[in-house]
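Worksheet for the structure shown next.
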């Protein structure tokens with residue numbers, strides 16, 4: 001089980017580091033979503049709203 005926990009830590013670390021890399025146009029935020037109970041790990045993009053956003 002220690003190996004499984006080690007893999008979880010590595011995945012979270014890699015995704016967190018990857019999400020910290022700025023997007024080229026600077027108008028998109030990147031964030032991570034971790035569900036450690038069911039082992040779901042994801043990196044999401046969210047556009048930054050400008051004047052025209054509601």
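Data overview
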read-out	value
Calculated FRET value between residue 40 and residue 2, using beta carbons and R₀ = 22 Å, to 0.05	0.55
Label point distance in nm, residue 31-residue 9, each placed 7 Å from Cα along Cα→Cβ	2.6
Gyration tensor over alpha-carbon atoms, the range 2-47, equivalent ellipsoid semi-axes in Å	25, 11, 4
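Any read-out appearing in this document is the output of simple, stated calculations on the displayed coordinates, not a laboratory observation. Note that the coordinates shown come from a computational prediction; the quantities given were computed from them, not determined experimentally. Note that each Cβ is placed from the backbone with ideal geometry, even for glycine, and that neighbours are counted across all protein chains shown.
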